[in-house]
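S.K.: After the structure tokens below, expect a handful of questions from me.
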Amino acid sequence: MRYNALRIVKEALTGHKGWTPAWRDAEPQKNYDFIVVGGGGHGLATAYYLAKVYKKSKVALLERKWIGGGNVGRNTTIVRSNYMMPGNQPFYEFSLKLWENLEQDLNFNAMMSQRGIINLFHNDAQRDAAIRRGNSILLHGSDAVVLDKQGVKDLYPFLNTENARFPIMGGLLQPRAGTARHDAVAWGYARGADQHGVDIIQNCEVTGFKIENGEVKGVETTRGDIMAPKIGVAVAGRSSEVMAKAGLRLPIESHVLQAFVTEGLKPILPGVITYGAGHFYISQSDKGGLVFGGNLDYYNSYAWRGNLPTAEEVIEEGISIFPNLARARVLRSWGGIMDMSMDGSPFIDQTPIKGLYFNGGWCYGGFKATPASGYCFAHLLATDQPHKVATELRLDRYKTGRMIDELGAGAQPNLH
């Protein structure tokens, strides 16, 4: 079924009795050509592009819970490509271009809103770094604009630009960035994958891998063994846990990242703002709630909840630049499990086990990477060659000394 305005009118006039489920809740078969482990945004996008772009007909997607129940529904919805490093910028720009046509491609309203993102800076060193990053972004063919203090005030007059401790000197703006509805992205990719023949199998946890002579043959699950010669794993914060079942140890730590949303308010925040004097980012949802977040909770965890000191720090930072935020009531908070790599950049690569492929280590960048991550992972699974924008996202880059340290923060995951 294609969605369109005429269909909406027809269903409204006939009691909405003609709508069908967006995707099948498939039963697992014994054999497939490809298995994608993980029913979040990256896994769904991988299955979708495998079926649509690379014409692979026997694809299974395995999700241990339900579609949209993990990190894809627990983020702050920001979409951007304002990265600096050569190993990152082309990838995220490719992702942003896919975002710009995603709703037409999926025939699904993902609520993509290119309202822009501004990274504020507060001293001369941050200004110089913003100019350097802006120039790198422009050289890669993306968009960036450096604003002075007056330029920031014209866009966001409510910001506390004269803060005595952290005065706002300007900001780096990417006009094409914005937000998308996280749940809708998962549902749209699930619907699209199903329409192209992918079996989406929920409540199917992978408990082990069948490996013979260094080659993967299939997976053991709570719904029986499922065989396939090629298996791609994209399970975000559970990456280390799942890959350990194949005997692999990853350069990844899992941390919880909290996010918050306020009560619904009238439109006050036209774009996305990030704070240069701390780690704080905020946007306004279509429902009116202010969605914001900040630093990780600095301990390893698989819990979907954080601690109060981190929540207090995030809110304090927000109020220091956005004083009227103090009068808003926080409606709810939640946590997602982040798979933090040692240099803050991701992996899309083959593993030492033939037929087993890995996608992970997304740190803070997972949601915005969803389309490109799925496209590039599908390319790798289908062709055994890395996509041209993902050639640097290798598992062995620490061994070869080719780190992609975007923040220059060193080899400590909780700093990225």
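The values are calculated or read from the model by the stated rules, or taken from the named source; none is laboratory data. Bear in mind that the values here come from a model prediction, so they are computed numbers and not experimental data. Positions of Cβ are generated from backbone atoms using ideal geometry, with glycine treated the same way; all protein chains shown enter the neighbour counts. These accessible areas exclude ligands, DNA and RNA; they are computed on the full protein's heavy atoms, side chains included. Shrake-Rupley method; radii C 1.70, N 1.55, O 1.52, S 1.80 Å.
S.K.: Please go through the stretch 172-189 and give me each residue that is assigned to a strand (DSSP E or B) and closer than 24 Å to residue 106 by Cα, ordered by number.
M.R.: Answer for the stretch 172-189, where residues must be assigned to a strand (DSSP E or B) and closer than 24 Å to residue 106 by Cα: 178, 179.
S.K.: Continuing with the same structure: What residue, among those in the stretch 162-171 that are assigned to a loop (DSSP other than H, G, I, E, B) and modelled with pLDDT of 90 or more, is least open to solvent (accessible area, probe 1.4 Å)?
M.R.: Just the residues of the stretch 162-171 that are assigned to a loop (DSSP other than H, G, I, E, B), to begin with: 162-169.
Restricting the remaining residues to those that are modelled with pLDDT of 90 or more gives 167-169.
Values: 167: 44, 168: 0, 169: 64 Å².
Result: 168.
S.K.: Does the stretch 368-384 hold any residues that are surrounded by fewer than 24 Cβ atoms within 10 Å (Cβ to Cβ) and either hydrophobic (A, V, I, L, M, F, W, C) or modelled with pLDDT under 95 (or both), and which are they?
M.R.: If the condition is that a residue be surrounded by fewer than 24 Cβ atoms within 10 Å (Cβ to Cβ) and either hydrophobic (A, V, I, L, M, F, W, C) or modelled with pLDDT under 95 (or both), then 380, 382 are the ones that fit.
S.K.: Additional query: In the list 218, 208, 192, which residue meets the criterion of being open to solvent by less than 10 Å² (accessible area, probe 1.4 Å), assigned to a helix (DSSP H, G or I) and small (Gly, Ala, Ser)? First the steps, then the outcome.
M.R.: Values: 218 fails: assigned to a helix (DSSP H, G or I); 208 fails: assigned to a helix (DSSP H, G or I).
From the options 218, 208, 192, the qualifying one is 192.
S.K.: A further question on this structure: Within 25 Å of residue 209 (Cβ to Cβ) and touching a residue at least 60 places away in the same chain (Cβ under 8 Å), is that true of residue 355?
M.R.: Judged against the criteria, residue 355 is a match.
S.K.: Kindly establish whether residue 399 is part of a helix (DSSP H, G or I) and loosely packed, with under 15 Cβ neighbours inside 10 Å.
M.R.: yes
S.K.: Kindly indicate which of 228, 244 is free of Cβ contacts under 8 Å to residues at least 12 places away in the same chain and more than 23 Å from residue 179 (Cβ to Cβ).
M.R.: Only one candidate qualifies: 244.
S.K.: Take the stretch 335-367 and flag every residue that is open to solvent by 20 Å² or more (accessible area, probe 1.4 Å), within 14 Å of residue 257 (Cβ to Cβ) and out of contact with any helix residue (DSSP H, G or I) (no Cβ under 7 Å at 6 or more places or on another chain).
M.R.: The answer is 364, and nothing else.
S.K.: Which members of the stretch 24-51 meet the condition of being part of a loop (DSSP other than H, G, I, E, B) and either hydroxyl-bearing (Ser, Thr, Tyr) or within 30 Å of residue 244 (Cβ to Cβ) (or both)?
M.R.: 25, 26, 27, 28, 29, 30, 32, 33, 38, 39, 40 - these are the residues of the stretch 24-51 that are part of a loop (DSSP other than H, G, I, E, B) and either hydroxyl-bearing (Ser, Thr, Tyr) or within 30 Å of residue 244 (Cβ to Cβ) (or both).
S.K.: Looking only at residues that are open to solvent by less than 10 Å² (accessible area, probe 1.4 Å) and more than 24 Å from the chain's Cα centre (by Cα) in the stretch 221-246, which one is nearest to residue 355 (Cα to Cα)?
M.R.: 228
S.K.: Starting from the stretch 92-104, keep only residues that are more than 13 Å from residue 370 (Cβ to Cβ), then list their pairs with residues that are open to solvent by less than 70 Å² (accessible area, probe 1.4 Å) and of a type outside the set (A, V, I, L, M, F, W, C) whose Cβ atoms are within a distance under 7 Å, requiring at least 6 positions of separation or different chains.
M.R.: These pairs meet every condition: 93/81; 93/141; 93/142.
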